[in-house]
Amino acid sequence: MPAQAQRVLASLFDMADVSDIAQWCSKRGHQQVTLKTRRPNLSDALVDAGIEIVDGPSDLVLWLDDEICFSAPWEQSSSAGEVLIEACLPMTRGVHAVAVETDRAVILSSDGNNYRRIEFTEGEMATVDFQPLTTNTIDESARQAGFTLINRWVDWSMDPPLHSDPCHLSLFRNF
């Protein structure tokens, strides 16, 4: 890995671990969640927090790690449910960390035209090319499905965005 990428990864210490996500879900009072993610240990963390993972519609739908690029979560939500989307957004050029956790790290690489997601897990590396979605695209998809944006954060630190910050985490509610 180039020295620049190592500095970027090392500087981001406040990103999400799977236990942070499980705690956030349990604090919201959800007993069941529908889950689609690439996070290797998130299912176990949710079960350990007392949350049941279901296949059908639920009050909380988690669509994490770019899964919004490959499928739509809206039909998985109950009639008054919430959908939490963790999406990688377009960037101009360079290498950007999107998750630094105890069991993996994920970075995005872009030359300005092509996008690659690189995941490091327990000594292994996997790459996938993808086309990230803009927040406008996600918001329009949500609106067409009857969902309203409730909140948006930079990442799992739940920090609100500044003017130039991309928001990788969006919470929608079905009214």
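I'm trying to understand the selection: among the residues of region 78-105, which are at pLDDT 80 or above, part of a strand (DSSP E or B), closer than 23 Å to Ala45 by Cα and under 18 Å from the mean Cα position of the chain (by Cα)? Across region 78-105, the qualifying residues are Gly81, Glu82, Val83, Leu84, Ile85, Glu86, Ala105. Against the test of being in contact with a Lys or Arg (Cβ under 7 Å, 6 or more places away or on another chain) and among the acidic types (Asp, Glu), the options Glu86, Glu82, Glu122, Glu140 yield a single qualifying residue, Glu82.
Among residues of region 130-154 that are closer than 13 Å to Leu171 by Cα, those with a Cβ under 7 angstrom from a residue that is charged (D, E, K, R) and surrounded by fewer than 16 Cβ atoms within 10 Å (Cβ to Cβ), sequence gap 6+ or separate chain, pair up as Trp153/Asp159; Val154/Asp165. Restricting the first member to region 37-48 and to residues that are free of Cβ contacts under 8 Å to residues at least 40 places away in the same chain, and the second to residues that are surrounded by fewer than 18 Cβ atoms within 10 Å (Cβ to Cβ) and not aliphatic (A, V, I, L, M), the beta-carbon pairs closer than 6 Å and six or more apart or on different chains are Ala45/Ser19.
Filter region 85-109 down to residues that are β-branched (Val, Ile, Thr) and touching a Phe, Trp or Tyr at 6+ places or on another chain (Cβ under 6 Å), then give me how many there are.
Let us first name the residues in region 85-109 that are β-branched (Val, Ile, Thr), namely 85, 92, 95, 98, 100, 102, 106-107.
Adding the requirement that they be touching a Phe, Trp or Tyr at 6+ places or on another chain (Cβ under 6 Å) leaves 85.
Total meeting the criteria: 1.
Figure legend. Inter-residue proximity from region 158-175: first residues exposed (fewer than 14 other Cβ atoms within 10 Å of the Cβ), second residues among the hydroxyl-bearing types (Ser, Thr, Tyr) and assigned to a strand (DSSP E or B), beta-carbon distance below 7 Å, spacing 6+ or different chains. Indicated pairs: Phe175/Thr148. The residues in region 44-60 that are part of a loop (DSSP other than H, G, I, E, B), surrounded by 13 or more Cβ atoms within 10 Å (Cβ to Cβ) and either of a type in the set (Asp, Glu) or on the phi > 0 side of the Ramachandran plot (or both) can be counted, and the count is 0.
All conditions in (1) part of a strand (DSSP E or B); (2) out of contact with any Ser or Thr (no Cβ under 6 Å at 6 or more places or on another chain) hold for Ser26, with the sole exception of (1). No other residue among Ala145, Ala97 is surrounded by 17 or more Cβ atoms within 10 Å (Cβ to Cβ) and at negative phi apart from Ala97. Just to verify a result, which residue in region 61-85, among those that are crowded, with 17+ Cβ neighbours inside 10 Å and without any contact (Cβ under 8 Å) to a residue 60 or more places away in the chain, is farthest from Gln144 (Cα to Cα)? Restricting to residues being crowded, with 17+ Cβ neighbours inside 10 Å and without any contact (Cβ under 8 Å) to a residue 60 or more places away in the chain, the top hit is Asp65.
The rows are residues; the columns are (1) touching a strand residue (DSSP E or B) at 6+ places or on another chain (Cβ under 8 Å); (2) of a type outside the set (Phe, Trp, Tyr).
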position	(1), (2)
Ala97	yes, yes
Glu101	no, yes
Phe130	yes, no
Trp156	yes, no
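If you scan region 81-124, which residues turn out to be of a type in the set (Lys, Arg) and under 24 Å from Met158 (Cβ atoms)? Even if it seems obvious, please write down each step before you answer.
Quick first cut of region 81-124, residues of a type in the set (Lys, Arg) only: 93, 104, 116-117.
Arg104, Arg117 - these are the residues of region 81-124 that are of a type in the set (Lys, Arg) and under 24 Å from Met158 (Cβ atoms).
Is there a residue being modelled with pLDDT of 90 or more and assigned to a loop (DSSP other than H, G, I, E, B) anywhere in region 138-145? Yes, region 138-145 contains at least one residue that is modelled with pLDDT of 90 or more and assigned to a loop (DSSP other than H, G, I, E, B).
Restricting attention to region 105-127, does a residue exist that is closer than 22 Å to Pro73 by Cβ and surrounded by fewer than 17 Cβ atoms within 10 Å (Cβ to Cβ)?
no
The values are calculated or read from the model by the stated rules, or taken from the named source; none is laboratory data. Computed from a prediction, not measured in an experiment: that's the story for all the values here. No Cβ is skipped: glycine too gets one built from the backbone with ideal geometry, and neighbour counts run over all protein chains shown.
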